[in-house]
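Notes follow once the structure below has been shown.
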Amino acid sequence: MKTITPRRFAAAFVSSLLLSTPLILLGDPTTPVPPDKDKEEDIIVLSPFEVTAVGATGYSAGSTLAGVRLGATVGGAKDARFFRDAAEDGGFPHPNTITAEGLFSEHDLPLQCRTESKELFILNGEAMPAALLTKPEVKYLGQIGLSSGLDAATWHREPLNLVAVVDKSGSMDGEPLALVRKCLGQIHSQLGPDDQLSIVLYGDTSHVHLAPTPATKANRAGIAAAIAAIESSGSTNMEEGLQVGFALARQSQTSFRGRTRVMQFTDERPNVGDTTAGGFMGIMEAGSRDGIGQTTVGVGVDFGAELASKVSSVRGGNLFFFPDEAAMVKTFTEDLDTMVTELAHDLDVTIRPAAGLRLVGVYGIPGEMLKWEGDRDVRFQVTTVFLSKSRGAIYAAFAPEAEDLPERRYVEGRPLAAVGLSYREVGSTVAKTAKLELPLVSKRGASVGLTRGRLLVSEYLALKSAMTAHLTENNQEKAYVQLGELHELLAADSDRTMADERKLVAGLYTAMAKLSGHGERVANFSAGERDAECAGDGAGATSAADGAGKTSASDGAGKRSKVVMRYMHD
């Protein structure tokens, strides 16, 4: 295994901290998607179930969203960058550093048009026959699609009152704090005259570094000078810094017409176990009750699945990880307007499978948010739905209820599950209710979001299982087999947007092949060569994809010898 470079030291450090953490988390091949189905900018996601949220009046000066159809995603983790960063550096990331919602947030997952609408918040549903890696019992996958009918060319976000809370402690000295200054500079360049920015610094003590200042042309030089003057010193008192930040947010909120948000920048993992009024979670929850959202930005450190889950449980909470300047610039340039715009709160969802089916798993929300309602129904609550450049999704996997009886046949158009929904529009105290179904469609007729979702859910499940096998079970052979199955599944699919996933998995598979004693032949294959071989090997690629999810990776020799034969023999 390659030595992890100093630039990526945080990846190895966090993984080592998490090794003792228990894992508590809850495809058939499809015909390649026709080119016109992948032109996502031409897709308007429409549904009979629509929610109109409060209208917006502000404008983002530097928005790059014009011409792109907007979507919606759940709060919590908004990327899987830390996991990718560690893997690209030759390491094997801890399984707790990837979440399904973070992985899904990096992709556009649209469902096909059904009705024409321009409403702000739209939910839709669909299901198809599918198999999932590590879940051989699964026969169907359903999607609850989250999106918006708005066009960014005509949408303007509300004015933003942003309070930046910056960790300036000694551990932030050098590259981390330099990245934060660049973050603030990028945000500043995208604010308009109706927005305002303030900065709180914390180390040994906390203080207001920049009082709330409108981002007008006349104030730009002063704001830039304040950002440039941020320097590192002292130890860390995160809670005090947040208390000062939220106090400033409340004070400035009273005279500001628009949305108020605290954005924290730190390289320290918050103590989510402290739920007292003065602890991280208590401060965040108190702020949410006053209408103040919080975005937490990890600089050089990933917060892991636990924090992602805790943040997503608080209204208005989301979090991001920036390994470098390029990732930061891309995220803020493309997503600043949407990451601070909340569409709906307290989305309460109950899924009831059709007769003869049982629910195996729900992916796209933290597992601890799921609760059984009786013997068959599952209920969960999403505290915040954010506007997004990409259409979001929550996936549900179904299996036959009685394994010993002949499998029941379901016809296209028949709902595989009934979904009960309630929600509150942003700014409203009135809960609304609706019902949604997940009708069965063929693999060939499935929407892009569902076919892509089959790959992403399998990727999430296989990566967590393989990294658990390697890092907690010390079973490199099992990890090698599971990564091999995932590699073949992705390589056999032609979805162009999955190129980064193929690269990620190919790298991990190559490294695990070498570590588990399967030789340099596998390790020396480039991702392109392996993809080309899989795509050109018709029978083999199809067979591998057909078997995805039908044979457990832990079954052993039969599946393992197939993978070894494929790459080890001439």
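Picking from 296, 338, 333, which residue would you name as being at pLDDT 85 or above and more than 21 Å from residue 71 (Cα to Cα)?
Values: 338 fails: more than 21 Å from residue 71 (Cα to Cα); 333 fails: more than 21 Å from residue 71 (Cα to Cα).
Exactly one of 296, 338, 333 is at pLDDT 85 or above and more than 21 Å from residue 71 (Cα to Cα), namely 296.
It is to be established whether one or more residues within the stretch 473-495 are out of contact with any Ser or Thr (no Cβ under 9 Å at 6 or more places or on another chain), surrounded by fewer than 21 Cβ atoms within 10 Å (Cβ to Cβ) and at pLDDT below 95.
Yes; the residues of the stretch 473-495 include at least one that is out of contact with any Ser or Thr (no Cβ under 9 Å at 6 or more places or on another chain), surrounded by fewer than 21 Cβ atoms within 10 Å (Cβ to Cβ) and at pLDDT below 95.
Restricting the search to the stretch 444-470, which residues are among the charged types (D, E, K, R) and farther than 30 Å from residue 510 by Cβ?
Step one: list which residues in the stretch 444-470 are among the charged types (D, E, K, R), which gives 444, 452, 454, 459, 464.
Across the stretch 444-470, the qualifying residue is only 444.
Which of the residues that make up the stretch 210-231 are crowded, with 18+ Cβ neighbours inside 10 Å and under 18 Å from residue 170 (Cβ atoms)?
Result: 230, single match.
Can you find even one residue in the stretch 176-197 that is in a strand (DSSP E or B) and either modelled with pLDDT of 95 or more or buried (at least 21 other Cβ atoms within 10 Å of the Cβ) (or both)? Show your work before the answer.
Our first condition is that a residue be in a strand (DSSP E or B); within the stretch 176-197, this holds for 196-197.
Then keep just the ones that are either modelled with pLDDT of 95 or more or buried (at least 21 other Cβ atoms within 10 Å of the Cβ) (or both); that gives 196-197.
Within the stretch 176-197, one or more residues are in a strand (DSSP E or B) and either modelled with pLDDT of 95 or more or buried (at least 21 other Cβ atoms within 10 Å of the Cβ) (or both).
Any residue that is modelled with pLDDT under 90 and either touching a Pro at 6+ places or on another chain (Cβ under 9 Å) or over 28 Å from residue 158 (Cα atoms) (or both) - is there at least one of those in the stretch 222-234? Break it down stepwise before answering.
Initially, the stretch 222-234 is screened for residues modelled with pLDDT under 90, giving 233-234.
Cutting the leftovers down to either touching a Pro at 6+ places or on another chain (Cβ under 9 Å) or over 28 Å from residue 158 (Cα atoms) (or both) gives us 233-234.
Yes, because at least one residue in the stretch 222-234 is modelled with pLDDT under 90 and either touching a Pro at 6+ places or on another chain (Cβ under 9 Å) or over 28 Å from residue 158 (Cα atoms) (or both).
Please go through the stretch 350-380 and give me each residue that is of a type in the set (A, V, I, L, M) and touching a Pro at 6+ places or on another chain (Cβ under 7 Å), ordered by number. Before you say what the answer is, go through the steps one by one.
First pass over the stretch 350-380, keeping only residues of a type in the set (A, V, I, L, M): 351, 354-355, 357, 359-360, 362, 365, 369-370, 378.
The answer is 354, 357, 359.
So, of the residues in the stretch 72-107 that are aliphatic (A, V, I, L, M) and part of a strand (DSSP E or B), which turns out to be modelled with the highest pLDDT? So that I can check it myself, show each step before the final result.
Start the filter on the stretch 72-107 by keeping residues that are aliphatic (A, V, I, L, M), which leaves 72, 74, 77, 80, 86-87, 98, 100, 103.
Still in the list and also part of a strand (DSSP E or B): 72, 74, 77.
On the way: 72: 84, 74: 81, 77: 72.
The qualifying residue modelled with the highest pLDDT is 72.
Working only within the stretch 343-370, note down all residues that are within 16 Å of the chain's Cα centre (by Cα), in a strand (DSSP E or B) and not aromatic (Phe, Trp, Tyr).
Matches in the stretch 343-370: 362 only.
In the set 444, 454, which member is of a type in the set (Lys, Arg), more than 25 Å from residue 381 (Cβ to Cβ) and surrounded by fewer than 23 Cβ atoms within 10 Å (Cβ to Cβ)?
Values: 454 fails: surrounded by fewer than 23 Cβ atoms within 10 Å (Cβ to Cβ).
After ruling out the rest, the residue left standing is 444.
Farther than 30 Å from residue 156 by Cα and assigned to a loop (DSSP other than H, G, I, E, B), is that true of residue 239?
Values: farther than 30 Å from residue 156 by Cα: yes; assigned to a loop (DSSP other than H, G, I, E, B): no.
Taking the combined requirement at face value, the residue does not satisfy it.
With the structure loaded, tell me whether residue 261 is buried (at least 19 other Cβ atoms within 10 Å of the Cβ) and of a type in the set (D, E, K, R) or whether it fails that test. Steps first, answer last, please.
Details: buried (at least 19 other Cβ atoms within 10 Å of the Cβ): yes; of a type in the set (D, E, K, R): yes.
Taking the combined requirement at face value, the residue satisfies it.
Considering only residues that are in a strand (DSSP E or B), outside the structural domain of residue 205 (by TED's automatic domain parsing) and out of contact with any Lys or Arg (no Cβ under 8 Å at 6 or more places or on another chain), which ones fall in the stretch 135-174?
Those that are in a strand (DSSP E or B), outside the structural domain of residue 205 (by TED's automatic domain parsing) and out of contact with any Lys or Arg (no Cβ under 8 Å at 6 or more places or on another chain): 135, 140, 142, 143, 144.
Of everything in the stretch 390-411, what is of a type in the set (D, E, K, R) and either surrounded by fewer than 19 Cβ atoms within 10 Å (Cβ to Cβ) or assigned to a strand (DSSP E or B) (or both)? Give them in sequence order.
Step one: of the stretch 390-411, the residues of a type in the set (D, E, K, R) are 391, 401, 403-404, 407-409.
The answer is 401, 403, 404, 407, 408, 409.
Of all residues being hydrophobic (A, V, I, L, M, F, W, C), touching a Leu at 6+ places or on another chain (Cβ under 7 Å) and at pLDDT 90 or above in the stretch 261-293, which is farthest from residue 161 (Cα to Cα)? Just the residue, please.
That would be 283.
Please state which one of 255, 288 is closer than 29 Å to residue 344 by Cβ, of a type in the set (Gly, Ala, Ser) and touching a Lys or Arg at 6+ places or on another chain (Cβ under 8 Å). Quick ask: steps written out before the conclusion?
Working: 255 fails: touching a Lys or Arg at 6+ places or on another chain (Cβ under 8 Å).
Step by step, each of 255, 288 is checked, and only 288 is closer than 29 Å to residue 344 by Cβ, of a type in the set (Gly, Ala, Ser) and touching a Lys or Arg at 6+ places or on another chain (Cβ under 8 Å).
The values are calculated or read from the model by the stated rules, or taken from the named source; none is laboratory data. Keep in mind the model is a prediction, meaning the values are calculated, not measured. Neighbour counts run over all protein chains shown; Cβ positions are idealised from the backbone, glycine included.
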